[in-house]
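The values are calculated or read from the model by the stated rules, or taken from the named source; none is laboratory data. Fair warning: this is a prediction, and the values are worked out from it, not measured in the lab. Positions of Cβ are generated from backbone atoms using ideal geometry, with glycine treated the same way; all protein chains shown enter the neighbour counts.
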Amino acid sequence: MRVIAGSAKGRRLKGPKDQSGRTRPTSDLVRGAMFSALASMGADMSRVLDLYAGSGALGIEALSRGAQSCDFVERDGGACAVIRDNLSATGFAAQGRVLCVPAARALQRLEGPYTLVLADPPYEDGEAGAVLETLAASALVQEGTILVLEHSARVEPRGELGRFSLVSVRRHGDSAVSIYR
């Protein structure tokens, strides 16, 4: 796994040592396609939230492409350590903040608004939909925020998340990326 583009292009990223199999890092192909779609939409990546961060690859990709700051939310302590290592290795430690708590609790601690939200919950996480609905209805997002959800390609995305409407779905093998605006 590596950073695809930007100031940290080519830097290798560590992946979390997850024994449960719940963490599956976003492939370079899917990450590249996701950020190409965001670039074509003129996405504002100034203030980013990487929810269900895993290795932090999505948020670090945003930082590499010019984001000013990124908050990373991950519940697994080992994965949080990997995110911190990856931030250090790419030179983005000062621009990233890691919250090692479940996503639902993080929503109470975060300070928005975010211009871009990247969410890659475990495919079998039954609470993720409710967390995303809560986020979409909160002051953490505003008009103009873009929400990006990675999910199983076998699951049809919701047409709306709170006040956000689905504008694009792209499928890549077992993964799909849904973009809401």
Region 105-135: number of residues that are part of a loop (DSSP other than H, G, I, E, B), within 20 Å of Gly159 (Cα to Cα) and modelled with pLDDT of 95 or more: 0
Subset of region 86-98 [touching a residue at least 24 places away in the same chain (Cβ under 8 Å) and part of a loop (DSSP other than H, G, I, E, B)]: Gly91, Phe92, Gln95
Neighbours by Cβ (under 7 Å, 6+ apart or cross-chain): first from region 124-140, in contact (Cβ under 8 Å) with a residue 24 or more places away in the chain; second aromatic (Phe, Trp, Tyr) and surrounded by 13 or more Cβ atoms within 10 Å (Cβ to Cβ): Ala136/Phe164; Leu140/Tyr114
Close pairs from region 148-176: first more than 23 Å from Arg47 (Cβ to Cβ) and in contact (Cβ under 8 Å) with a residue 12 or more places away in the chain, partner surrounded by fewer than 17 Cβ atoms within 10 Å (Cβ to Cβ) and basic (Lys, Arg), Cβ under 6 Å, at least 6 apart: Ala153/Arg171
Where Ala137 falls short, out of the listed (1) under 22 Å from Ala39 (Cβ atoms); (2) out of contact with any strand residue (DSSP E or B) (no Cβ under 7 Å at 6 or more places or on another chain): (1)
Region 62-85 - residue that is outside any loop (DSSP other than H, G, I, E, B) and in contact with a helix residue (DSSP H, G or I) (Cβ under 6 Å, 6 or more places away or on another chain) and, of those, farthest from Gly42 (Cα to Cα): Val73
So Phe72, is it closer than 27 Å to Arg105 by Cα, among the aromatic types (Phe, Trp, Tyr), surrounded by 17 or more Cβ atoms within 10 Å (Cβ to Cβ) and out of contact with any Leu (no Cβ under 6 Å at 6 or more places or on another chain): yes
Residue, nearest to Pro25 (Cα to Cα), within region 154-170, restricted to residues that are under 17 Å from the mean Cα position of the chain (by Cα) and surrounded by fewer than 20 Cβ atoms within 10 Å (Cβ to Cβ): Arg170
Test: residue in region 43-53 that is loosely packed, with under 15 Cβ neighbours inside 10 Å and within 14 Å of Leu118 (Cα to Cα): yes
Test for Val117: is it within 19 Å of Pro25 (Cβ to Cβ), crowded, with 22+ Cβ neighbours inside 10 Å and among the β-branched types (Val, Ile, Thr): yes
Count of region 127-162 residues which are charged (D, E, K, R) and under 19 Å from Glu111 (Cα atoms): 2
